[in-house]
There are 4 protein chains.
Amino acid sequence: MTIATLLVSCPDRTGIVAAMSDFVFRHGGNIVDLDQHADADTGQFCMRLSFDARGFRLDRDGIRAALAVLAKSYDMSWELAWSDERPRVAVFCTKAPHCLYDLLLADKLGELAGDIVLVVSNHRELEPVAAHFAVPFVHIPTDDKARAEAAQAELLERERIGLVVLARYMQILSPAFVRPRLGRIINIHHSFLPAFVGAKPYHQAKARGVKLIGATAHYVTEELDQGPIIEQAVTRVSHRDSVEDMIRKGRELERQTLTRAVRLHLERRVLITDNRTVVFA
Amino acid sequence: MTIATLLVSCPDRTGIVAAMSDFVFRHGGNIVDLDQHADADTGQFCMRLSFDARGFRLDRDGIRAALAVLAKSYDMSWELAWSDERPRVAVFCTKAPHCLYDLLLADKLGELAGDIVLVVSNHRELEPVAAHFAVPFVHIPTDDKARAEAAQAELLERERIGLVVLARYMQILSPAFVRPRLGRIINIHHSFLPAFVGAKPYHQAKARGVKLIGATAHYVTEELDQGPIIEQAVTRVSHRDSVEDMIRKGRELERQTLTRAVRLHLERRVLITDNRTVVFA
Amino acid sequence: MTIATLLVSCPDRTGIVAAMSDFVFRHGGNIVDLDQHADADTGQFCMRLSFDARGFRLDRDGIRAALAVLAKSYDMSWELAWSDERPRVAVFCTKAPHCLYDLLLADKLGELAGDIVLVVSNHRELEPVAAHFAVPFVHIPTDDKARAEAAQAELLERERIGLVVLARYMQILSPAFVRPRLGRIINIHHSFLPAFVGAKPYHQAKARGVKLIGATAHYVTEELDQGPIIEQAVTRVSHRDSVEDMIRKGRELERQTLTRAVRLHLERRVLITDNRTVVFA
Amino acid sequence: MTIATLLVSCPDRTGIVAAMSDFVFRHGGNIVDLDQHADADTGQFCMRLSFDARGFRLDRDGIRAALAVLAKSYDMSWELAWSDERPRVAVFCTKAPHCLYDLLLADKLGELAGDIVLVVSNHRELEPVAAHFAVPFVHIPTDDKARAEAAQAELLERERIGLVVLARYMQILSPAFVRPRLGRIINIHHSFLPAFVGAKPYHQAKARGVKLIGATAHYVTEELDQGPIIEQAVTRVSHRDSVEDMIRKGRELERQTLTRAVRLHLERRVLITDNRTVVFA
């Protein structure tokens, strides 16, 4: 069964849902999931619509052409994805293994609507982890940052990577690298953003004496830790927790938050609008 | 602005969303919220659709007639509610005040899409609470249970009550009372059902040594504590918590879980199907 | 049964627990609860020790004298409280009723180890709430802030108030008012501090697109929203939640977080050290 | 630094803490952590006491002899553990890899106060996982259950295993195997016990329509799913979650709950009393 998933946003007006569902129905599709939201504050309409495309009376190009016409009349941004065209994912990491294991295991267990095809690191420590899961590992040192980013960009291009996941990748990407990939790089920050932006958030949390620590998965933008948030989670800490305990508890948060965000993205449940996300969960 | 909210369930087939959204659109309505679910296991389609009915080109009777026709062709169960026809709610209680306060305060703060117009109790302890919130209080003793239920039924009828909330009402209602009110009586049970059915769940929880205690809001059916679950919550306990501590922590759970369930019901977000609920939250 | 509770902090060294427990034992007390923490990072020792003082062979003055001697030899800060000397609590509020109801109901249900004896407000809206719970209400307008604080200070003095609770009291207290009451004023801030310091945190949260909102109960210090945190909680939000929905969800968080913090304080479970708290929970 | 940790339970009476802390102090130890609880309902006293044993003026045998004397006068059950005598752990599994990965990674990251030295399975699927973490893997088929348990028992004996972890091991152990290992076998059950005892708990949860699913780590006793609970966790589900979704969400719960329970056990934070646990966390 092939499912087409359409993400749409546009200024709200009457008849959009009717027009879109009628389009699907008229050509022989069946809607399997429709989630829609019209924001009273911003006047924006957002929708996620999945339909079973067996027996659809338009081919994929035909659908795109028809959608382009519809989109024009509603001033619509849209993305269309097919369940049999699985995104290819690259995971960037450094030395911390927990997020990498979690993502690779999720992939192996069939939990992701995409395929991790590449692990990239500026160190060699995690090469055996990639090997264990039979995923190619590429070592790109970051001593010369410009050269590293050029190599990374070339690799992503060659491997037709649709999503980059920063799994505790301890390097800051340049605006030049980020800009053409907006909405296609997910990072895990080890705090409950916007609290504790920047370096050593667990040390900051300990110093401030908070009673909960958190993790935040977000799209990377040119401004550090300021991109649209996809998913957040927290866990309780107390005075008994040293910074090391927080780091340990944080690992659990980081990996589950990151893997959830990647899952949501790959299932096309995340729509970016105005530096925020709409998550159709 | 008057909003119409339609809850629909039927066997899944192609074209339902298109038919319904087209119906709204053709008569001049604008969909403000649509949430839909087709269950792969049961083959059942469920939908909640809200539309702005200003300028709708059918009156309420006309809409009902038109929906009845649509419903027939899709073998559909449906309910239609109008935001300006607010349900009238009766709260049944005994002596414990916490859930009653929570509901009355939520009402006073405008958090509910309905109006609490009646407090019914088999004791007089909570009469001042009702008075404080200017809600009529009716004392119906339950020494003679049959007589009590007759008086309650008559009262609900006379006051055109659409929802009965059992806010720690320590009486078991007879099947004869419950049967004609299926889906219109909400109870709070002070455990995480199906764990600890029946009496003294906190004592049971203490004896079993669980690490979390819970509360469950559910529709009342003829079988005790077996009705469709609307909402559940849990909180952490430890060996330090005596039964009394659990009762105190439980109060917080009970009232927030019950008030949430009542809010969801009144906003027409709950659809019962097959002794379970679909909650469009 | 009279319980004495001792809170102690000092530089860590060997023998403190032995010295303290021996002191209790030698004079005929029985330890009912002892919780102790030696912080590896700061080298500080903190302890909460409760003992049953029936049959203790020193009177209260004698105990204080003996503790003063012990304290000197260990360079100890300490506080001693008796379960039969219940702190007198004043609640400051403005117009929002939810935290006030929660505190007054907790008091009425016997959940607090102190007594709310006073409600102070710069408006009259909540006077009926205080009256309903039979707690004196004092209206102190804040047009002239200096005069208001003088009146408040005089009132707290006269009523021998041991704890001030700011239950969504929308006024900033002056350093002159705060300084002599450090550790004796608890505020509820409607965000997960340190995120969203200052005004309108729910609007800030909506703008940033966070997936969880929070509340923080903390002691008031001279710097706004920077005092030692006692308790925090969060709840999930999504794009569907308008600022108004966040405010409603926030009410639930605010009141439960504030009431918990007040309960912990009154049970002498909170020790302030270095602008952080140790909570023996 | 060598830490000794003492777990003690006995009937409550005056002077126990004083006697124990004095014992530590007199011989030159320093208490680094003391957590104590006297249960008002059962009259039982429980304590966990850790002390730095450098420079202690008794050797380990001497300490044991002295403790035996103390224990006699207080009718005390006790266990003493040394941080440099790390328990040896065996993980039993079948085919599901998620709990095994989590435990092995926690071990590798130094998060456990014990060493996983053995993976035992009735299938060969997870042999590469053990190999990847360089832990010996032993395949013991369970076609002949009595023979299998004899082989397992012999292996545990030979390898001096102090803790057996059932990491989604789909076999029921016989009373004869369990009885001599009470308090030394931890299982993960994939529901919030006591809800959904027995097989296929996620199917049961789906059928009942609960809004939260859970996982429970408990010591194994002769009665299935009835042993003392160490740790529990829950996560939210909705009508959108199929049984497969619940299984996926459940994996996250199972592994984190199991790993936490194992960590708590290995840090000697769990005391069993009366088919319940006291967890000094």
How many residues are open to solvent by less than 20 Å² (accessible area, probe 1.4 Å) and within 16 Å of the chain's Cα centre (by Cα) if we restrict to segment C:59-79? 0
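Is there a residue in segment A:84-100 that is in a loop (DSSP other than H, G, I, E, B) and at positive phi?
Among the residues of segment A:84-100, not one is in a loop (DSSP other than H, G, I, E, B) and at positive phi, which makes the answer no.
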Among the numbered criteria (1) open to solvent by 20 Å² or more (accessible area, probe 1.4 Å); (2) at pLDDT 95 or above, which single criterion is violated by D:Leu166? (1)
Tally the residues that are part of a strand (DSSP E or B) and over 28 Å from D:Leu163 (Cβ atoms), restricting the search to segment D:198-213. 1
Of the residues D:Ser121, D:Ser77, which is of a type in the set (Gly, Ala, Ser), farther than 20 Å from A:Pro128 by Cβ and in the same structural domain as D:Leu7 (by TED's automatic domain parsing)? D:Ser77
Go through segment B:1-31 residue by residue and tally those that are acidic (Asp, Glu), facing another protein chain (nearest Cβ under 7 Å) and not in a helix (DSSP H, G or I). 0
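Each row is one residue, and each column tells you yes or no for (1) modelled with pLDDT of 90 or more; (2) of a type in the set (S, T, N, Q); (3) in the same structural domain as C:Leu118 (by TED's automatic domain parsing).
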residue: C:Cys10; (1), (2), (3): yes, no, no
residue: C:Thr14; (1), (2), (3): no, yes, no
residue: C:Met20; (1), (2), (3): yes, no, no
residue: C:Val24; (1), (2), (3): yes, no, no
residue: C:Ala38; (1), (2), (3): no, no, no
residue: C:Ala71; (1), (2), (3): yes, no, no
residue: C:Lys95; (1), (2), (3): yes, no, yes
Among the residues listed as D:Leu182, D:Leu193, the single one being under 28 Å from D:Ala146 (Cα atoms) and not charged (D, E, K, R): D:Leu182
What tally of residues in segment A:32-61 results from selecting those that are in contact with a His (Cβ under 7 Å, 6 or more places away or on another chain), assigned to a loop (DSSP other than H, G, I, E, B) and of a type outside the set (D, E, K, R)? 2
Out of (1) surrounded by fewer than 24 Cβ atoms within 10 Å (Cβ to Cβ); (2) in contact (Cβ under 8 Å) with a residue 60 or more places away in the chain, the one A:Glu244 does not meet is (2)
Please determine whether any residue of segment D:266-280 is assigned to a helix (DSSP H, G or I) and in the same structural domain as D:Gly183 (by TED's automatic domain parsing). yes
Counting only residues in segment A:120-146 that are open to solvent by 60 Å² or more (accessible area, probe 1.4 Å) and within 14 Å of chain D (Cβ to nearest Cβ), the one nearest to A:Ala81 (Cα to Cα) is identified as A:Ala134
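Each row is one residue, and each column tells you yes or no for (1) within 10 Å of another protein chain (Cβ to nearest Cβ); (2) within 26 Å of A:Ala233 (Cβ to Cβ); (3) modelled with pLDDT under 95; (4) touching a strand residue (DSSP E or B) at 6+ places or on another chain (Cβ under 6 Å).
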position	(1), (2), (3), (4)
D:Glu223	no, no, yes, no
D:His265	no, yes, no, no
D:Leu271	yes, no, no, yes
D:Val278	yes, no, no, yes
Tell me which of these D:Ile161 doesn't satisfy, since it passes every other one: (1) within 14 Å of chain B (Cβ to nearest Cβ); (2) on the phi < 0 side of the Ramachandran plot; (3) surrounded by 19 or more Cβ atoms within 10 Å (Cβ to Cβ). (1)
Could you tell me which of the residues A:Glu154, A:Glu231, A:Glu149 is at pLDDT 95 or above, of a type in the set (D, E, K, R), open to solvent by less than 20 Å² (accessible area, probe 1.4 Å) and more than 30 Å from C:Val270 (Cα to Cα)? A:Glu231
If you go through segment B:1-52 one residue at a time, how many are more than 21 Å from B:Val270 (Cβ to Cβ), touching a helix residue (DSSP H, G or I) at 6+ places or on another chain (Cβ under 8 Å) and surrounded by 21 or more Cβ atoms within 10 Å (Cβ to Cβ)? 4
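So that you can scan it fast, the table gives a plain yes or no per residue for (1) assigned to a helix (DSSP H, G or I); (2) open to solvent by 10 Å² or more (accessible area, probe 1.4 Å):
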| site | (1), (2) |
| --- | --- |
| B:Leu193 | no, no |
| B:Phe196 | no, yes |
| B:Ala215 | no, no |
| B:Thr221 | no, yes |
| B:Thr235 | no, yes |
| B:Ser238 | no, yes |
| B:Arg248 | yes, yes |
| B:Arg255 | yes, yes |
Report yes if C:His189 is open to solvent by 60 Å² or more (accessible area, probe 1.4 Å), in contact with a helix residue (DSSP H, G or I) (Cβ under 9 Å, 6 or more places away or on another chain) and within 14 Å of another protein chain (Cβ to nearest Cβ), otherwise no. no
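The values are calculated or read from the model by the stated rules, or taken from the named source; none is laboratory data. These numbers were taken from a predicted model, which means no experiment stands behind them. Reconstructed Cβ throughout: ideal geometry from the backbone, glycine too, with neighbour counts over all protein chains shown. Only protein heavy atoms, including side chains, enter the accessible area calculation; ligands, DNA and RNA are left aside. Shrake-Rupley method; radii C 1.70, N 1.55, O 1.52, S 1.80 Å.
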